[in-house]
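Reading through the structure tokens given below for one structure.
The values are calculated or read from the model by the stated rules, or taken from the named source; none is laboratory data. Small disclaimer: the values here were computed from a predicted structure and weren't measured. Counting neighbours? That spans all protein chains shown, and the Cβs are built from the backbone with ideal geometry, glycine included. Quick note on the areas: whole protein, heavy atoms, side chains included, nothing else; ligands and nucleic acids left out. Shrake-Rupley method; radii C 1.70, N 1.55, O 1.52, S 1.80 Å.
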Amino acid sequence: MIDKLGDFKRDFFCGELTENNIGDEVRLLGWADSVRDHGGVIFINLRDKEGIIQVVIDPSKSPEDAYEKAKKVRSEYVIGVRGRVQRRPEGTENPKIPTGSIEIAVEELRILNTCDILPFPIEDNINAHEEVRLKYRYLDIRRPEMLRNLLIRHEVYQATREYLSGHGFLEVETPMLTKSTPEGARDFLVPARLEKGKFYALPQSPQLFKQILMVGGIDRYFQIVKCFRDEDLRKDRQPEFTQIDFEMSFVNEEDVMAVSEGLIKHIFEKVLSLDISTPFRRMSYTEAIESYGTDKPDLRYDLKLVDVTDIAEKVDFKVFRDVADKGGKVKGINIKDGAKLSRKEIDDLTEEAKKYGAKGMAWIKINEDGSLQSPIVKFFKDDEINSILNRMSGSPGDILIFIADTYEITHRVLGFLRKHIAEKMNLIPEGKWEFLWVVDFPLVEWDDEEGRLVALHHPFTSPKEEDLDKLDEAIQDKKVALSFKSRAYDLVLNGEEIGGGSIRIHSGQIQKKIFELLGISDEEAEEKFGFLINALKYGAPPHGGLAFGLDRIVALMTGSDSIRDVIAFPKTQKGICPLTDAPDFVQEDQLEELGIEVNLPEETA
């Protein structure tokens, strides 16, 4: 029998009660976290979003009706209790919870709903498969860890609005149904029923609209916005994700970066009570790649890449010398105290290197007595080996690993190995926050597949001012274009890119030249970006901005392994929602109304 809620209203959340409430009569509502019968006395841990408190139903003190109902309560039943707050008997306190010194002596109990057998326990550190958790997400969200994650996400929202609104930014919404534009990933398309054969696209970002808002004189815009990209997923990607997006007029890079640092500092102080030091460290794109093998280096640990190409040019070891002679790179990492790695562990590391594109991995182990152990040292003269050891600061107990390949492969592989080694050898300190601005990115790069130059960020990023006068030359000579730097900047936290932006092109004439540089014809530019090109003709101010990945920031702040753990209703790595079974087929009449015919693969049909 289910009781009615009626006028039974809570006086407190469970976690709000303290010893100051002893003697008070209170009404509480929530879920039965656990139920225990100790010699006829029933103890229920009552849980809500603020915490847990123990309620006691003693047949010698509680009314018979309350006791009979308490005997029926099972895990996750929804109940209401009325009773008096009392101190727990000495020796029965629970120091693990804030309310562990008090309990509720129940005088009334209402069973407001029952619960089926649970697919997994409502507690942290469960072993349930993620798809099961997502299928029963309403249960998963009850777990303290998930509740905490969503609470922190909420607080990040509030802190963001507080800071940006306090600095003159206006929150403006941009359309969810817009025009398909090439921004690097596939668009999610929405058929337009009233315009047969035409489609809207869900926005990959508000990029064009926020620039148009600057033309409109908004001056400072922000938005916490959903974005959509139809791309292959991984732990830090979702088809729909949330950005903290802002744009400013009459600014340079320093202005945008200062606002970004202020916002991050405010968020961490408000949400985690951490004082983050500003300004953040800065590093050029080239330095990041050449020292760490990635444009988003994790600076919480060392393991810097060391260049030994000039030494490799002179050695008899053919693998090294051939790469150096062909203009490639020979680089290594000194793994301090790595000589303890077994041969199997070294072989496993070599296999990791191959996964990322290397042909192999060379290594030199420096034993504690100073002797060298390696299959390659026989190919080196003593002075050559000493040069390498000195260059890489090798000492007894270390192991030196090397990759020899093209510039791109050598850096990419060592970048991945650096992270793999740090995780495997527990070199990453807990509770450390290393922010880094990566700047001076190339404006463009060559795409072999498309056979043309493509923008490293997006085609609306401005080149450095010193390169503007060379645009005509760059259009004729791609080598000149490849030397251009952009006015882009990425913010990295602990090896994760959490935000990126740039100073935009505000001149229609320069924008036209950039399109030409990228092989985008006037017709294609007009078709895809005509509304922005037109807006730039009407007094567009200099402007720039940045977008933060809110999901990723919250994942880092909560220590979550995946952004799926900080999103209420995420998709799986296959883009499926186990809770709703989306995506799904639709009715034939819906397709007919849209003028769409679907041809399914035979195995699906």
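Filtering segment 534-568 to residues that are part of a loop (DSSP other than H, G, I, E, B), farther than 16 Å from V225 by Cα and either of a type in the set (A, V, I, L, M) or in contact (Cβ under 8 Å) with a residue 40 or more places away in the chain (or both) leaves L536, Y538, G539, A540, P541, P542, S560, D561, S562. Here the condition is being touching a Gly at 6+ places or on another chain (Cβ under 8 Å), in contact (Cβ under 8 Å) with a residue 24 or more places away in the chain, of a type in the set (K, R) and over 27 Å from K528 (Cβ atoms); of R220, R281, it holds for R220 alone. Every test in (1) modelled with pLDDT under 95; (2) under 22 Å from Q211 (Cα atoms) is passed by I503 save one, and that test is (1).
Output the residues belonging to segment 119-172 that are of a type in the set (S, T, N, Q) and open to solvent by less than 70 Å² (accessible area, probe 1.4 Å). N149, T160, S165, listed by residue number. D245: open to solvent by less than 30 Å² (accessible area, probe 1.4 Å) and among the acidic types (D, E), yes or no? Yes; evaluated as a whole, the condition is true for this residue. Hey, any hits in segment 34-56 for a residue that's touching a residue at least 60 places away in the same chain (Cβ under 8 Å) and hydroxyl-bearing (S, T, Y)? So far as segment 34-56 goes, no, none of its residues is touching a residue at least 60 places away in the same chain (Cβ under 8 Å) and hydroxyl-bearing (S, T, Y).
Would you say L414 is of a type in the set (A, V, I, L, M), buried (at least 21 other Cβ atoms within 10 Å of the Cβ) and assigned to a helix (DSSP H, G or I)? Yes: the conditions hold for L414.
Checking each residue in segment 515-554 for being of a type outside the set (F, W, Y), over 23 Å from M257 (Cβ atoms) and open to solvent by less than 60 Å² (accessible area, probe 1.4 Å) picks out L517, L518, G519, I520, S521, A525, K528, G530, L532, I533, A535, L536. With the condition kept exactly as written, say whether any residue in segment 492-505 is open to solvent by 30 Å² or more (accessible area, probe 1.4 Å) and more than 17 Å from P459 (Cβ to Cβ). Yes, segment 492-505 has at least one match. Of the residues contained in segment 38-46, none is found to be closer than 30 Å to L150 by Cβ, in contact with a Phe, Trp or Tyr (Cβ under 7 Å, 6 or more places away or on another chain) and surrounded by 14 or more Cβ atoms within 10 Å (Cβ to Cβ). Note on segment 337-349: residues that are within 17 Å of L303 (Cβ to Cβ) and either of a type in the set (A, V, I, L, M) or open to solvent by 20 Å² or more (accessible area, probe 1.4 Å) (or both) amount to 7. Picking from residues in segment 72-93 that are part of a strand (DSSP E or B) and open to solvent by less than 50 Å² (accessible area, probe 1.4 Å), the one that is nearest to E123 (Cα to Cα) is V78.
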